[in-house]
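The values are calculated or read from the model by the stated rules, or taken from the named source; none is laboratory data. Only a predicted model underlies this, so the values are computations on that prediction, with no experimental measurement involved. Methodologically, a virtual Cβ is constructed for each residue, glycine included, from the backbone with ideal geometry; neighbour enumeration extends over all protein chains shown. Note: areas computed on protein heavy atoms with side chains; ligands, DNA, RNA excluded. Shrake-Rupley method; radii C 1.70, N 1.55, O 1.52, S 1.80 Å.
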Amino acid sequence: MGTGKTSAMIQKMNLEPDKNYLFVTPYIDEIERIIAANTSGNFKQPEYHGKFHTKLDDLHNLLASGENIAMTHALFLLANKQTERLILEGDYVLILDEALDVLHSYNEDMIRNQRKIMDEDDPDLLLTNKFIEVDEQYNVHWIKESTGKSNHHFSEIRRLSNREMLRYINGSFYWEYPPDIFQWFSKIYILTYMFENTVLDCYFKTYGLQYVKVSAEKSDGSFRLCDFTDTAEQKEKFSSLINIYDGKYNELGTKRNAFSINWLRQCKPEKLEEIRKAMRNYKNSINAPTDSVMWTTTKQFGINRKLEKAGGFKFTHILTQEEKNLPPREQKKFLQFVPCNARATNEYRNRTTLMYMLNYYMLPDYEQYFKARGYDLNLEQISLSVLIQWIWRSAIRDGKPINLFLPSSRMRRILCEWLGKPVF
């Protein structure tokens, strides 16, 4: 669905050598591609030179020198006030490839970074004891001067609030990327398909941030940027490449909530065995080799591991000792389980057998967060966007046909309606 946008943007950057560009992508190989394809030769990648000269330090040096820069999402999320100032001084244009992860519930962020999570009563405790105050825009400000034990216990709250990265809504804390940095770019391009109603889209709207969404069209053998289009012809081509399973194994997901996280959590061992059997039989019914498979479900409550544990179950490749010694990025090529939110990878573009064992719903915390800020999210659109992005990891990105087992009746309806296929 996003074919040609990066190629078209490379052409645009080559034709505008007088502008300063910051290209932000989750893909390492995409960074290498940008640098190699730039005809002026002045695209640079921030590098690590030791703990006294980090990648962020190198980014600042490159910005100060007015270089064109290609960098990862992870590094961009480390930006600080100095980064903002240098972007403004350099009059940079931002090109954002794939949606940036700008919001987490506080505890989700702590789990990611292996730090102490909050107890349910901690936010009220901090407010009652005047450790923090919350302004009209839900920003958290640390106001307590004490350095006692309680202060130490909440040191991460203090750090994030001082960096203007903490919000408080309806009794919950949220980590949010400071929006100020986006205000200093002269222009922002978004290269993500189905961007509307994503978390990043709502974030941009919340802060009144302007961006340009573009598509690509082929002309004289090469791609060029054009106004954004989402035509029936594009969907028809996408639809023609997807063979959605219509058979008895879909009976597992007839209930509206089937394959939701709570539904899966309540499944007894015999139900999980039934799901495993359906997956195995589906794979065998189309004679799919193991290395053609990618599948997903939730990682919560260990559901993915429970579905993998089955004697003789052949949809999961067991890494050899040699493969285990490979870097994590290389190991991905051999794995069948692909997280439902996988974005930053092209490692699965050879997969033609897909099994989506999930009924995706946005976390209620996110829905609550944006509702408090005046946005009623289109939850089905978000579920569709996550599904489409996951499907796009497969061989379909290279125009090859795929087979899809999607037992959730809700997810199947959402996808079929969008594709213009009959709902079954």
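Add +1 for every Lys or Arg and -1 for every Asp or Glu among the other residues with Cβ under 13 Å from the Cβ of Asn350, and state the total.
Net of charged neighbours comes to +4.
Given springs between every Cα pair under 10 Å in a Gaussian network model of the chain, which of Ser222, Ser394, Ser186 has the largest fluctuation? Highest fluctuation among the options: Ser222. As a rough guide to protection, the peptides 117-126, 299-308, 353-362 ranked by mean Cβ packing within 10 Å, highest first, stand as 353-362, 299-308, 117-126. Sorting Arg410, Arg159 on solvent-accessible area from highest to lowest, probe radius 1.4 Å, gives Arg159, Arg410.
Just how large is the dipole of the chain about the Cα centre, in debye to the nearest 20, putting +1 at every Lys and Arg Cβ and -1 at every Asp and Glu Cβ?
Numbers: 57 positive and 55 negative charges, 355 e Å.
Dipole of the chain, to the nearest 20 debye: 1700 debye.
A probe of 1.4 angstrom, applied to the heavy atoms of all protein chains, finds Leu191 with accessible area near 10 square angstrom.
His141 sits with roughly 70 Å² accessible to a 1.4 Å probe, with DNA, RNA and ligands left out of the calculation. Taking label positions 7 Å along the Cα-Cβ direction at both Asn284 and Tyr207, the computed distance is 5.3 nm, reported to one decimal. In units of the compact-protein estimate 2.2 N^0.38 Å, segment 269-412 shows a Cα radius of gyration of 1.12.
For the chain, what value does the Rg/Rh ratio take when both radii are computed over Cα atoms and Rh is the Kirkwood radius, given to two decimals? Spell out each step's value before the answer.
Numbers: Rg = 23.1 Å, Rh = 23.8 Å.
That ratio equals 0.97.
Among the chymotrypsin sites (Phe, Trp or Tyr not before Pro) found in segment 1-76, those both in a DSSP coil and sparsely packed, with 13 or fewer other Cβ atoms within 10 Å of their Cβ, are Tyr48, Phe52. For the chain, DSSP calls about 40 percent of its internal beta bridges antiparallel.
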